[in-house]
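The values are calculated or read from the model by the stated rules, or taken from the named source; none is laboratory data. The model shown is predicted, which means the values in this text are computed figures rather than measured ones. Cβ: placed from backbone, ideal geometry, glycine included. Neighbour counts: every protein chain shown. The accessibility values were calculated without ligands, DNA or RNA, using every heavy atom of the protein model including side chains. Shrake-Rupley method; radii C 1.70, N 1.55, O 1.52, S 1.80 Å.
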Amino acid sequence: MSRTIIVSNRLPTKVNRTDEGLSFTPSEGGLATGLGSIYRAEGNLWVGWPGLVVGDEAERQQVTRQLRTDSMRPVFLTNDEIEGFYEGFSNGTLWPTFHYFSQYALYDEQMWETYVAVNQKFCDAVLAVTGPDDTIWVHDYQLLLLPQMLRKARPDSSIGFFLHIPFPSHEIIRALPWRAQLLEGMLGADLIGFHTFGYMRHFLSSVAQILGLPSQHGVVEVEHRTVLVDSFPMGIDYERYSTAASSPEAQDHVVHYREALRDSRVILSIDRLDYTKGIAQRLRAFELLLNRYPEWCGQVTLVMVVVPSRDQVEQYKALKEEIDELVGRINASHRTMSWTPIQYFYRSLPLHELAALYSLAEVALVTPIRDGMNLVAKEFVASKADLHGVLILSERAGTARELSDAILINPSDTSQLVEALHQALTMPENEQVSRMTNMQALVKKYTVYHWANLFMDRLAHSKDLQNAMATTTLDHEILEQMLQEYTAADKRLLLLDYDGTLAPFTDDPQRATPDDDLIQVLKELAADPHNRVVIISGRDRTALQNWLGHLPINFIAEHGVWLKKADSEWKLFQTMNNEWKAQIRPVLEQYVNRTTGSFIEEKEYSLVWHYRRADNQQGLERARELKSHLTFLAANNDLQVLDGNKVIEIKTSGINKGTAAARWIAGYHPDFIFTIGDDRTDEDTFRAMPPTAYSVKVGVMPRSLARFHVDDTVDVRRVLHAMAKVSVPAPAAETNE
Ligand code: GDG
């Protein structure tokens, strides 16, 4: 049975040492919730560190036993490993670099070595509990090398990777001494996911510039393997937050807070302590608001929750001091007997208290300097049952790409932040409701469950894509097998592409005339009464007629527009039907699901995907991807894909080599098919073939829908001659010669 294994640095349960022994606390994090239904399903597992150094063997066994009851497998780390791998390379090198704080990044070879060793430790732990058919989903920056390590051990496994933090510009990544190894590590996956299109673009650009691997429509070719790269904005468990906010427990807290705050209006700020979150900048903006708009003094309170995090690291200690100082100064200079400007909590709150704050706050101030996504913004939106409330959101949080109805600000622009606060506090109710309605619809639809399902679907798709494009060398053994089938067959169809297949390319296409050897071999093949030789080309019919028209062979010219049988005249190919819509529509729906704001229009002979209302960049990228996806699917369906103004239209009428080849198969009923070609238009032919056909791709890049490949036109001739040799010319043809 194929299982799914989730791997992340931390397990969704934290083990603590207490006076009574070990305690196990389930994590309330978004990832744990979103993946809960996956890792707890029959046979599935979550592999990770339990958050505590456990050296004692008996204790390790206890932890392992306990976690096993909830589908988890611990990876135990030593103090040195936590220092070098987690606090060191992960949080001291990668975290600052990926958040554009390169000035904080440590470049320490020892830490790197520990990072490699711990990734290997995770790899061993995963391999110990998985089989080759299992699907493995690796998470986040602590495990960038793991996909490649797993790939080496399990070349055919389905491996996904998701990065929860930003992927920065190539200019930042290139500063890392280990940049190539890190990118190669990630490329071990079959699917690499990011929160936004921008991160995905940065990654692809780094892969191109650092590793020299180009990409097309988010597909990177790595050693004959395709890796899909895509954006999957992570959502939240909407119900959980909307229910928590209106629960009696949360509402009790609301009453309690309201009493303490009297009539003061609440601006809310919630983060883990981190220099990426812009906490100090936010405090300065609040101070400036009170100075610039003194009418808010006594009227608004900033409720600020800072969750302790990484406080052993130097920058975090310094940040904590800075925040303490700022809060102290602002409170001291503005407070009155009945009003404290900032209510500051340096601790983690239970969910219901957090929900109470979301419910109570009129304004959420989410202004990170950099943030992969930021779930607090989405949780605030989900908590607003009455649709009142304003979200102020940094344009540098991944969420900003989706929540365009928030007041978007540049977190470095304190003055703009002050104006945004003033605007939020004075925003008319109807505007609040209208903005919140749009944001809620989005957060409700694109939940964390939607995110996880989408990722798993795409991972399966990436495997299908790889399998569909794998070819085998047409070696001596296969050739012998083919010749046996050829000899035994009664009605053989040979579909032969011309340029790049029968004839090598020339600088001037008009000079690619057939040589004597080619004419001879075609003649021999055509002379066998069991054979139908069809030249299937993009060339116009005149050239084909002039060069090969004197042979008793058949033609498909201009990619299927013109057809000619050996004994008759040129004819136009034409059909019109709508059966394809049932197949194409689900594909468009998939793109609607993945592209907020896009929609489908159905016309009599066409389907149209509109993306005018989608995020500009994402819309463009998805359009390119959809176009390529449809081109891939549409070929055998008599369709045409048109790239219009913010629309992609698919309509009946396209004719290609595949449709023309299919007509030959339907009319002739061959019991042996050989088809050979070198370019993208020949993929249409390959796609139209039954699985038993000998379809052969010519070229050094062997990825194709064909079953086999040969290197060049010399090989093509070798195969044709071998077939001609075992062909039996018709007696009449012999006497006529
Ligand atoms: C990383 C990326 C990306 C906060 N305070 C309390 C509390 N929280 C919860 C929030 C929210 C979570 O913590 C914070 O999530 P974020 O997304 O805001 O940030 P990171 O922890 O840095 O997460 C980030 C995320 O991964 C997912 O991919 O969005 O960009 O940096 O869920 O509610 N929860 C409780 N008490 C608190 O005091 N119970």
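The table for this structure:
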item	result
Estimated translational D of the stretch 495-622 in µm²/s (Stokes, Kirkwood radius over Cα pairs; 20 °C; 1.002 mPa s)	118 µm²/s
Table column - 3J(HN,Hα) (Hz), the stretch 510-516, Karplus curve with 6.51, -1.76, 1.60, x for Gly and Pro	5, 8, 7, 6, x, 7, 4
Dipole in debye (nearest 20) - the stretch 1-125, about Cα centre, beta carbon charges: Lys, Arg +1; Asp, Glu -1	620 debye
Estimated inter-spin distance, Ile478 and Asp56, nm [label 7 Å along Cα→Cβ]	6.1 nm
Accessible area expressed per residue, the chain, with surrounding protein chains retained (probe 1.4 Å, Å²)	42 Å²
Stokes-Einstein translational diffusion, the chain - Kirkwood Rh over all Cα pairs, 0.890 mPa s, 25 °C, in µm²/s	83 µm²/s
Apportionment of accessible area to carbon and sulfur, the stretch 20-136, percent (1.4 Å)	48 percent
Spatial separation of Cα centroids for the stretch 244-290 and the stretch 408-471, in angstrom	22 Å
Rounded to the nearest 10 Å², the accessible area of Phe197 at probe 1.4 Å	20 Å²
Scattering curve values for the stretch 374-500, log₁₀ I(q)/I(0), Debye with Cα scatterers, q = 0.11, 0.15, 0.17, 0.20 Å⁻¹	-0.59, -0.84, -0.98, -1.13
Top positive-direction residue, dipole computed over the chain with Cβ charges, set Met689, Leu289, Gln510	Leu289
Ser247 versus Leu642: modelled label distance in nm, points set 7 Å from Cα along the beta carbon direction	5.5 nm
Alpha-carbon Rg/Rh ratio, for the stretch 71-205, with Rh computed the Kirkwood way	0.96
Length-normalised contact order for the chain - Cα pairs under 8 Å, 6+ apart - percent	9 percent
Dipole moment magnitude, nearest 20 debye, the chain about Cα centre, only Lys, Arg, Asp, Glu C-beta charged	1200 debye
Hz values of 3J(HN,Hα) by residue in the stretch 388-397 - Karplus curve (6.51, -1.76, 1.60), Gly and Pro given as x	9, x, 10, 9, 9, 10, 5, 5, 9, 9
Linear extension gain, Ser434 paired with Thr69, 0.36 nm per residue minus alpha-carbon span	126.8 nm
Dipole axis of the stretch 204-304 (+1 Lys, Arg; -1 Asp, Glu on Cβ), positive-most option in Val222, Gly212, Tyr257	Tyr257
Computed over the stretch 557-621: relative contact order in percent, which uses C-alpha pairs under 8 Å that are six or more apart	20 percent
For the chain, calculated [θ]222 nm from helices alone, where every DSSP H run of n ≥ 4 adds -39500 (n - 2.57)	-13000 deg cm²/dmol
From the C-alpha gyration tensor of the stretch 6-112, square roots of 5λ in Å	27, 19, 12
Stokes-Einstein D in µm²/s, Kirkwood radius over Cα pairs - the stretch 543-609 at 4 °C with 1.567 mPa s viscosity	84 µm²/s
Contour minus Cα-Cα distance for His550 and Gln590 (0.36 nm per residue)	9.4 nm
Chain lengthening between Ala117 and Glu485 when straightened (0.36 nm per residue, less Cα-Cα)	127.2 nm
